[in-house]
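Inspection log for the structure reproduced underneath, given as structure tokens.
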Amino acid sequence: MYIGRNKRKTGLLFMIFLLVSTLCLLCTVIAKEASVSVKRIRESIGGEIYIRPTQNSIVDENGNVSVGMEDLSITEKTIQKILSDSRIQYWNSVNYGYAKSKQIMFLPGKDDNPETNMGRIQSTNYSELHNSFIDKTWKLKEGEHIIEDDKEKILITDSLAETNGLKVGDIITLESSELKEKDGIYCDGITEDREAIQVKIKGIYSTKEENVQDVPTAGMPENNIIASFDVLEKLKQVEAGTYKGEQHFFVKDPKQMKDIEQQMRAIPDIDWSKYFIYSNDFKYSKVSENMEETETLMKTLRSAAYSVGILILFLMLIINIRNRKREAGIYLSIGISKWKTVIQYLWEIMLIFIPAFLIAIFVAEGISGIVADKLFVEVPEKLISVQTLGLNNVITNGGLKILDIIIWGCMETVGICGAVVLAAIPILRLQPKTILSQME
């Protein structure tokens, strides 16, 4: 009856509820979209943690100094322990070996002859995650990259393909070889019982690497062959289930890299006196401060909007209830209890608030799409390809969630109840006669 008699007050109260609820729900969407955008940027940058054997200086009998790596390997079991951390997206390793082929004439290097005419094989899980592809030294020109599930697949350089008339899809036979140096002359360490494997050319790539003088044929950049992991294993160049050289672990969120690195160091299976670990956040550290400040600012603005919204509702309801002092005095004088009067005030307010809040949900949901389009940052070009890492598939627009609606609805309800009770206390402390006499 009160709502029906006071249409102007009811309409004003309804519009205030609608406006405050809509704005606060939109602030929730904006804050969440800002956080999602910052996360997308972080994950578009990504990060990488390397584990590499330490290097030793070797002095030969003539006093010449060379640098060599420790002859160490990491087992499959250790790799799986590291990969059990869900924050690590991918792992990439590179094993090395050598191979010849009767169908390939490798570009000649120092002391080239039929015995030393061989190429270097780099066996990897994901060719696209190789450092040379990441830093654009190598570029895939035709075909596709090697992935973990590939078997008996290789990538060759465009120079090698052109020299030998090879193309994507061709099948060739590789034979195991071993590059050695004897009396200052390069030779093949395998003289008999060579292992052989048929492989398919999956792709052709170009290289910007410059030739170094006095390198053997296998050391020429144009003679480098990238292969799936099974190739070197079948050529008996490496032992299955063991990985030598550098191990690369690609981290989804560079913000978590330090914590992941600490967990890696706690793995007892790795002799850290013979390995070292370092991280590459792909320049995330240079922009992280501004990104974190943006995220903090949005959260602060959301909290400020919540506080101001609740304060406006609080003050408005207090004024509304206290203006009904005479009405309260009449209720009390005819025997209606104080708490029934408070409940009546509260019920009247809720009858206005509930439809206003429901409409605010639909309004905010409709506008949130426009807000998301404006705030949702386009991911910059990745240093690591989207196709390989698939990072964008796991993040969706924040939008208005049911939990956000429930939280804000509860906050407004608590604020309304508090305002009604607080406004009614001074009235309910007085006697009906006192209230009515004050209104004369």
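The values are calculated or read from the model by the stated rules, or taken from the named source; none is laboratory data. Remember, it's a predicted structure, so these values are computed and weren't measured experimentally. Cβ: placed from backbone, ideal geometry, glycine included. Neighbour counts: every protein chain shown. Accessible surface areas use protein heavy atoms only, side chains included; no ligands, DNA or RNA. Shrake-Rupley method; radii C 1.70, N 1.55, O 1.52, S 1.80 Å.
Worth a mention:
- Among the trypsin sites (Lys or Arg not before Pro) in the stretch 93-149, those placed in a DSSP loop whose Cβ has at most 11 other Cβ atoms within 10 Å are LYS102, LYS136.
- Scattering profile of the stretch 81-211 at q = 0.11, 0.13, 0.16 Å⁻¹ [log10 I(q)/I(0), Debye over alpha-carbon scatterers]: -0.45, -0.62, -0.90
- Projected area averaged over orientations for the stretch 192-335, convex hull of C-alpha atoms, nm²: 22.3
- In range of the label at ILE319: residues from the stretch 13-35 whose backbone nitrogen is under 16 Å from the point 7 Å along Cα→Cβ: 13-20
- Length available on full extension from LEU72 to ARG429: 0.36 nm per residue minus the Cα-Cα distance, which gives 120.1 nm.
- Estimated at the nearest 10 Å², the accessible area of VAL308 is 80 Å² with a 1.4 Å probe.
- Virtual spin-label span in nm between LYS236 and MET15, 7 Å along Cα→Cβ: 8.9
- Placing R0 at 22 angstrom, the Cβ-Cβ distance between GLU142 and THR173 gives a FRET efficiency of 0.55 after rounding to 0.05.
- Residues with amide H under 5 Å from that of LYS110, placed H, sequence gap 5 or more: VAL215, THR217
- The accessible area of ASP135, taken with all protein chains in place and a 1.4 Å probe, comes to roughly 90 Å².
- Rolling a 1.4 angstrom probe over the stretch 114-188 with all protein chains present gives an accessible area of which 44% lies on carbon and sulfur atoms.
- For the stretch 134-181, convex hull volume per residue from C-alpha positions, Å³: 157
- Full extension of the segment from ILE343 to ASP149, taken as 0.36 nm per residue of separation minus the current Cα-Cα distance, would add 63.1 nm.
- Distance between the 7 Å Cα→Cβ label points at CYS187 and GLU162: 3.6 nm.
- For LYS153, the amide hydrogen comes within under 5 Å of the amide hydrogens of LYS200, SER228, counting only partners 5 or more places away or on other chains and with H modelled in the peptide plane.
- Per-residue packing, averaged as other Cβ atoms within 10 Å, sorts the ranges 348-360, 73-85 into the order 348-360, 73-85, beginning with the highest.
- Amide N proximity, the stretch 335-358 versus VAL414 label position 7 Å along Cα-to-Cβ, cut-off under 13 Å: none
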